[in-house]
Every structure is written in C-alpha cells, then in structure tokens.
1. Consider segment 260-278. How many of its residues are open to solvent by less than 50 Å² (accessible area, probe 1.4 Å) and farther than 21 Å from His104 by Cα?
2. Go through segment 197-224 and give me each residue that's part of a loop (DSSP other than H, G, I, E, B), of a type outside the set (Asp, Glu) and open to solvent by 30 Å² or more (accessible area, probe 1.4 Å).
3. Residues in segment 107-129 that are open to solvent by 10 Å² or more (accessible area, probe 1.4 Å), in contact with a Leu (Cβ under 7 Å, 6 or more places away or on another chain) and among the aliphatic types (A, V, I, L, M): how many?
4. Go over the candidates Thr171, Thr151, Thr224, Thr158 one by one and state the one that is at pLDDT 95 or above, within 17 Å of the chain's Cα centre (by Cα) and of a type in the set (Ser, Thr, Tyr).
5. Kindly indicate whether Lys228 is open to solvent by 60 Å² or more (accessible area, probe 1.4 Å) and either assigned to a helix (DSSP H, G or I) or touching a helix residue (DSSP H, G or I) at 6+ places or on another chain (Cβ under 8 Å) (or both).
6. Answer with yes or no whether Gly107 is touching a strand residue (DSSP E or B) at 6+ places or on another chain (Cβ under 8 Å), of a type in the set (Gly, Ala, Ser) and more than 18 Å from Phe46 (Cβ to Cβ).
7. If I ask for residues that are among the polar types (S, T, N, Q), over 20 Å from the mean Cα position of the chain (by Cα) and modelled with pLDDT of 95 or more, which ones from segment 25-83 would you list?
Amino acid sequence: MDSKAEGSAPCSSPVYVHNPHLDALKEDILYHFSLGTETHSLQDMFGDVKFVCVGGSPWRMKAFTEYIAAELGMEDPKSEYPNICAGTDRYAMYKVGPVLSVSHGMGIPSIAIMLHELIKLLYHAKCTDVTIIRIGTSGGVGLEPGTVVVTKQSVDPTFQPRFEQVILGKTVVRNTDLDQSLAEDLLQCSKELNQFKTVVGNTMCTLDFYEGQARLDGAFCSYTEEDKQDYLNKAQEAGVCNIEMESSVFAAMCKLSGLRAAVVCVTLLDRLKGDQLRSSHEVLHSYQQRPQILVGYYIKKQLNAKAKDS
C-alpha cells in the first residue's frame, strides 16, 4: 500500500497508508464521510486536491471555503458550496478548486477518526504533493490575545513531543514533529501580510478543556491557583506558546502518511491571566479569522508561483 501511484511524476510525493488489509476490501467505505470507493469516483472528485485545511467547526470550515474561493477568484455568488458529506452529520467537507476544507470536531478522538478517512480518501484519489493545515483557536501562554501561533512541535501535558495511543493493550508512541520549512513559509507570509503578530513555538495538546489545561472554572478542580500558575510557567519555560486539543494526533498521523503538515491557531486569551473568554463576540470573531487569512495568503502565493513556473 506504500508504493507511488502509477504515472506520478518522479518528484511527486504520494499519500501513504500503512495497512495491508485494505487490499482485501472489495469496497472501502469511508463511513463518517458518507463516501466509498464503489459508490463514488474519488479520483474524479478529489484527484486535483493540493491543499487540505481542517478545523473544528463545520461553520468555520464553510466560512473558510467561501473566503478562499474569493481569494482565488473562484467564487460563485449565485451558488451555495455543497457539503460533500451531507449524508452524515459527523463532519462537513467543502471543495473549491484544489482546496479541500474539512471539519474535525473537538478533541483527539474526533480528529483521529476524521484523519483516518481523509488520508484514505486522498490515497484512493491518487493525490500527490498535498499540504494539510489545521486552522483553529487556542489558549495562549504568555502571549497577547489575537497572536497567531504556528506550531513547531506538538507536546503532551508533560511537555514531551510525543503522541501515545494504546493499541491491542500496548502503548504505542509516535513522533509529533511538523514540517519546519512549511512553518517558516507561513511565518514569512505573516511578515508579508503585516496584519497581526505571528510566532513559531510549541503547542501543548491536552485531552480536555478544563482540568487537562489547568483551568480553575470546571465542574471539578483539585488544585490551587498557585498550582495552576506553577504548571503554566513550567509549560512556558518548555517553549509552549499555546494550548489546544488536536495537534498531537494530527502531527503524528500526517507524518506517517507523508503529508506536509502545519498547525496554525490563534490565541483567544492569555492563560497566565485567566481562564474564561471575556472578549466580545466581535473581537473573538476577528481573532478567529486570522488563521484563515494567513493560510489563504499562503495558498494563493503557492498557486501563483506554480502558475508562473508552468
């Protein structure tokens, strides 16, 4: 299952799956997408995809689709962008030209399920040279709200760059490195935009929003304000710039499949100064647009460069 797609250019990079059992399937049903290899022509539908952007909410990913369509001059004011996964309520998927936009829900289990099926979709569609970027929100650590963080490494709650999963009763540890050249390209794009502060740093990925992130405002809390501050200070000393709940498995699975990957999240608050979001809806909405502005600029720049070379 790891061989390059037949007829690919010598320098192209395919999408890998590592599962010999897939060869024995008459049909591969991508259940949570309501797609399948027998019911849909995945290569015709997705074979031209070069950029995949994923984010938590269906609404946000539809908004990104509308935004990138306008940026690339592909918008159609008379039509709605159809949800390709309309047969299910688990995830939403939209496509404009070579850009695929997919929601992943909240937390490691939800994004992991989505990524399994997305990676297989890209594999069956014989896509090559795909870049995938997670865009989202996060809590900052010592950063002003509205700062965009491009992840260098995803670290666990003990500040180690790893993703652990129990498979058949055994703990499997996977690497969480992301593509550093892509991170630097995104940082350069932010400098060219010159609209908001962007930094490259480590992102801590947790299993939960409250206790796992040292919040004091959950239904349960067994530690003090001093304990919380001590922990977050240690995180900052370890290079952690922000906290979210998906980056570790995202980094691990993209690395395994050969996808060039990045995580771009805006900080909605500084966790050293509080736990609850007190900014207005308008301010939070403007913050949430920053990752899509940066990633949209990057995609447009890449496509323009390829058009000049061709």
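The values are calculated or read from the model by the stated rules, or taken from the named source; none is laboratory data. Predicted model only: the values in this text are computed from it and were never measured. Counting neighbours? That spans all protein chains shown, and the Cβs are built from the backbone with ideal geometry, glycine included. Side chains are part of the model used for accessible areas, which takes the heavy atoms of the whole protein and leaves out ligands, DNA and RNA. Shrake-Rupley method; radii C 1.70, N 1.55, O 1.52, S 1.80 Å.
1. The qualifying residues number 6.
2. Lys197, Leu207, Phe209, Tyr210, Leu216, Ala219, Phe220, Cys221, Ser222, Tyr223, Thr224
3. 1
4. Thr151
5. no
6. When the stated conditions are applied, Gly107 does not pass them.
7. Across segment 25-83, the qualifying residues are Ser34, Thr37, Thr39, Ser41, Gln43.
So that you can scan it fast, the table gives a plain yes or no per residue for (1) surrounded by 14 or more Cβ atoms within 10 Å (Cβ to Cβ); (2) among the hydroxyl-bearing types (Ser, Thr, Tyr); (3) part of a loop (DSSP other than H, G, I, E, B):
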position: Lys152; (1), (2), (3): yes, no, no
position: Pro157; (1), (2), (3): yes, no, yes
position: Phe163; (1), (2), (3): yes, no, no
position: Val166; (1), (2), (3): no, no, no
position: Val172; (1), (2), (3): no, no, no
position: Ala183; (1), (2), (3): yes, no, no
position: Leu186; (1), (2), (3): yes, no, no
position: Cys189; (1), (2), (3): yes, no, no
position: Glu192; (1), (2), (3): no, no, no
